[in-house]
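Trainee: What follows is a structure written as structure tokens; I'll ask about it next.
Every read-out reported here was derived from the displayed coordinates using simple, explicitly stated rules and does not represent laboratory data. In this text, all values refer to a predicted model and were calculated from it rather than measured experimentally. Note that each Cβ is placed from the backbone with ideal geometry, even for glycine, and that neighbours are counted across all protein chains shown.
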Amino acid sequence: MTPPLALHARSGHPDFLDLPWGAPLSAWPELCARSVELQRGLSRHEVQFVSYENAVYAFKELVEGAAEREYDLLMQMEDLGLPVVTPVGHVHDRREGSENVSVLITRYLDASHPYRVLFQNPGLERYRERLLDAMAGLIVRLHLAGVYWGDVSLSNTLFRRDAGQLGAYMVDAETSEIHETLSDGQRNQDLMILEENVLGDLLDIAIVTDLPPAMIPEETGPSIVRRYEGLWSEVTREVVIGASESWRIQERIRALNALGFSVGEVELVATGEGDRLRMRTVVTDRDYHRHLLHDLIGLVAEERQAELMLNEIQEYKARVSRELNRSVAMPIAAFRWKSEMWEPAIARLNPRLEAGGDPAQLYCEVLEHKWYMSEQAQEDVGLDRALDDYLQKIIEEP
Ligand SMILES: Nc1ncnc2c1ncn2[C@@H]1O[C@H](COP(=O)(O)OP(=O)(O)OP(=O)(O)O)[C@@H](O)[C@H]1O
Ligand SMILES: [Mg+2]
């Protein structure tokens, strides 16, 4: 095998030297036993997936120099805690008889779906409209961090189920720019690109499958923009408070936390009008519940999954406190919940996990099933009964 001209890979990953470098990516499926066929969105560039023992990687062939640039951008965005695909490396490769190329290596985002799959898979209908919120949320996060995307589209986003919602991840950072902060002009530019691209994405999908009645191609982009504007103004809103109203600081932080945002800093500046202060909050990420759950019991989950589990832990804490007739601290309740509720449930879900299911997602599905059954029965049916029913019914369905 001929090695490439240069290969840069992050530690903790394979060295990728066993791949058929020198050959165009389009020829890899025939040349390389590690090549795998996986769902993907439409793209101008050739993308191939390659499987190693511990992970699958995506390889994208670009013109010389472009992979290095995209890699650097993704690295910076990862440092900013943004939901982007994980950059793993870049390669400078030769091509016989034509210009040399660069290849970007990212880690395949497990359990992710390109938007086309959400529309073509009958089991995923209920996620289609949630995609609008996921998209708006992703752009708000990028803009808060000073990232101008430059090519916002459904094709450049990957979606991942997160409890009953969807999480959105940026997959294509080729056109992105990172600034200290974004001007309104830059944000608007991104939103205009979004409207145009989303229209194209949906017209494209409408050729092969029926869109949900509420999803009219011409109205979908503007609807994402409206959701974006609502969330943006809520997060960046400044509040004027009196010097003696410090509870309002807590109230504001809690409201942002409830939206999933972690608050890094609170800035208070005198308004010059009596003792009134202008409060500005700086949000650092939208993983508030993920961090909290992880800090409490070391479980890794997506944001919405973590929020559901934390609600369940709160409920569990209230029940145990009632039974013991004294208040139980959150860390203690969380540990007991983990050993008494989470672990037994996960043990019972084991067959599904072995088939490739995600523990937090499955657990949240059982929780949802419990609420549904409890609503039908007009009483709390408890987790065990919900699990019995879930394992019997849901698992037998395709
Ligand atoms: N790390 C990854 N995990 C999962 N899927 C990926 C990953 N990287 C790329 N893909 C898939 O490959 C598709 C194409 O990737 P990408 O959008 O980066 O290519 P592109 O050619 O630059 O696109 P464009 O035509 O918008 O310029 C994505 O839509 C996605 O489905
Ligand atoms: Mg793309």
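Trainee: Calculate the spin-label point distance for K393 paired with H294, positioning each point 7 Å from the Cα along the beta-carbon direction, and give it in nanometres.
Mentor: With each label placed 7 Å out from Cα toward Cβ, I get 3.5 nm.
Trainee: Given the rule -39500 (n - 2.57) for each run of at least 4 DSSP H residues, summed and divided by the residues of the chain, what is its mean residue ellipticity at 222 nm, to the nearest 500 deg cm²/dmol?
Mentor: -14500 deg cm²/dmol
Trainee: Under 27 Å Cα-Cα from K370, which lysines qualify once same-chain neighbours fewer than 8 residues away are excluded?
Mentor: Reachable lysines: K317, K338, K393.
Trainee: Can I ask one more? Normalised by the residues of the chain, what does the relative contact order come to in percent, with Cα pairs under 8 Å and at least six apart?
Mentor: 10 percent
Trainee: So, in Å, what gap is there between the alpha-carbon centers of the stretch 17-33 and the stretch 70-84?
Mentor: About 27 Å separates the Cα centre of the stretch 17-33 from the one of the stretch 70-84.
Trainee: Loop only per DSSP, at most 15 neighbouring Cβ atoms within 10 Å: give me the trypsin sites (Lys or Arg not before Pro) in the stretch 35-126, ordered by residue number.
Mentor: Details: sites: R40, R44, K60, R69, R94, R95, R107, R116, R126; in loops: R40, R44, R94, R95.
Those that pass, being in a loop and sparsely packed, are R44, R94, R95.
Trainee: Also: Among I224, I297, which comes first, second and so on when ranked by fewest other beta-carbon atoms within 10 Å? Could the numbers behind the result be given before it?
Mentor: Details: I224 24, I297 16.
With the sparsest Cβ surroundings first, the list reads I297, I224.
Trainee: Next question. Of L62, N257, S51, which is farthest on the positive side of the dipole of the chain, counting Cα position, with +1 on Lys and Arg Cβ, -1 on Asp and Glu Cβ, and the Cα centre as origin?
Mentor: Farthest along the dipole direction, towards plus: N257.
Trainee: Follow-up. Hand me the trypsin sites (Lys or Arg not before Pro) from the stretch 281-382 located in a DSSP loop with no more than 11 other Cβ atoms within 10 Å, in residue order please. Before the final figure, lay out the partial values.
Mentor: Working: sites: R286, R290, R304, K317, R319, R322, R326, R336, K338, R348, R352, K370; in loops: R286, R326.
Listed in order of number, the matching sites are R326.
Trainee: Ranked highest first by average number of other Cβ atoms within 10 Å, how do 203-216, 148-161 line up?
Mentor: 148-161, 203-216
Trainee: Taking every alpha carbon pair in the chain, what does the distance histogram look like in 20 angstrom bins from 0, in percent?
Mentor: Going from the shortest bin to the longest, the percentages are 23, 52, 23, 2.
Trainee: Going by how many other Cβ atoms sit within 10 Å of their own, how do V240, V147 line up, fewest first? Mind showing how you got there, number by number?
Mentor: Numbers: V240 12, V147 25.
With the fewest neighbours first, V240, V147 line up as V240, V147.
Trainee: Further question on the same structure: Give me I139, I346 ranked fewest to most by other Cβ atoms within 10 Å of their Cβ, as a rough exposure proxy. Numbers along the way, then the final one.
Mentor: Values: I139 25, I346 17.
The fewest-first ordering by Cβ neighbours comes to I346, I139.
Trainee: If the label point is 7 Å along Cα→Cβ of V56, which residues in the stretch 89-111 have backbone nitrogen under 19 Å from it?
Mentor: 89, 104-111
Trainee: Report the extension gain between Q189 and V266 in nm, rounded to one decimal, defined as 0.36 nm multiplied by the number of residues separating them, less their alpha carbon distance.
Mentor: Working: separation 77, 0.36 × 77 = 27.72 nm, distance 2.91 nm.
Residue separation times 0.36 nm, minus the Cα-Cα distance, leaves 24.8 nm.
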